[in-house]
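The values are calculated or read from the model by the stated rules, or taken from the named source; none is laboratory data. Just so we're clear, the structure is a prediction, and the values are computed from it rather than from any experiment. Positions of Cβ are backbone-derived with ideal geometry, glycine not excepted, and every protein chain shown enters the neighbour counts. All accessible areas refer to the heavy atoms of the entire protein, side chains included, with ligands and DNA or RNA removed. Shrake-Rupley method; radii C 1.70, N 1.55, O 1.52, S 1.80 Å.
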Amino acid sequence: TRHLVGYGARWPFAAALYRERNPGIERLIERTGITEGDDFDAIARGLRRMARSEMYRIGARDLLGLATLDETLDGITSLAEAALRVATDRLRVLHARETGDAVDDSGRPIPFVVLGLGKLGGQDLNYSSDIDVAYYYAHDAPMAGGHTAREFFSRLAKEISRAIGDTTADGHEF
């Protein structure tokens, strides 16, 4: 009930979510409410808001016997994948706005990948799982302003880890 009180007047919507089966990654991304112009704090808040709501839905279905173990584990894993995708995409845009994007010689963005390891990579996250990831980018390259792609992606990786891993007044995600 304390969790539902946090939703204020929207608590009936939050309480009814337990009826819904796993919504899928794209729907979870929509539920963050994160927009193009959001800053780091708004992105992190949106991720935590979505995670709190989704963990409530998953837990309610589990406790009420409405979900199988596989559905529960899949839901938690999808939540982590959605959070990582949003954090990576939105924070790269935010960082590129500040310093310029890391691009190759032809002006195309240098690919950046977040690889899930352990239980995330095996799609087997549970309630107490943290997530282990590795960050990879295609190659280093000089950027405008004397920066390098290595510096760009190192900062991006730290920001992604902070956005999904730090505990704030809004709680924590993973």
* Might you check whether a residue that is exposed (fewer than 15 other Cβ atoms within 10 Å of the Cβ), out of contact with any Asp or Glu (no Cβ under 6 Å at 6 or more places or on another chain) and hydrophobic (A, V, I, L, M, F, W, C) occurs anywhere in region 153-163? => no
* Given the conditions (1) part of a loop (DSSP other than H, G, I, E, B); (2) farther than 17 Å from residue 45 by Cα; (3) open to solvent by less than 60 Å² (accessible area, probe 1.4 Å), and given that residue 173 satisfies all but one, which numbered condition is not satisfied? -> (2)
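Take the conditions at pLDDT below 90, part of a loop (DSSP other than H, G, I, E, B) and under 21 Å from residue 154 (Cα atoms) and apply them to residue 107. Does it pass? Steps first, answer last, please.
Details: at pLDDT below 90: yes; part of a loop (DSSP other than H, G, I, E, B): yes; under 21 Å from residue 154 (Cα atoms): yes.
The answer is yes for residue 107.
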* Structure fact -> Per the list (1) farther than 28 Å from residue 56 by Cβ; (2) of a type in the set (A, V, I, L, M, F, W, C); (3) modelled with pLDDT of 90 or more; (4) open to solvent by 50 Å² or more (accessible area, probe 1.4 Å), residue check on residue 117 breaks on (1)
* Could we say that residue 97 is in a helix (DSSP H, G or I), within 20 Å of residue 172 (Cα to Cα) and open to solvent by 30 Å² or more (accessible area, probe 1.4 Å) here? -> no
* How many residues are of a type in the set (A, V, I, L, M, F, W, C), open to solvent by 10 Å² or more (accessible area, probe 1.4 Å) and closer than 18 Å to residue 172 by Cβ when one looks only at region 45-75? -> 1
* Within region 151-174, can you find the residues that are within 14 Å of the chain's Cα centre (by Cα), closer than 19 Å to residue 137 by Cβ and of a type outside the set (Lys, Arg)? -> 156, 157, 159, 160, 161, 163, 164
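Here's the yes/no breakdown for (1) of a type in the set (D, E, K, R); (2) within 20 Å of residue 24 (Cα to Cα):
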site: 91; (1), (2): no, no
site: 95; (1), (2): no, no
site: 104; (1), (2): yes, no
site: 109; (1), (2): no, no
site: 116; (1), (2): no, yes
site: 138; (1), (2): no, no
site: 156; (1), (2): no, no
site: 161; (1), (2): no, no
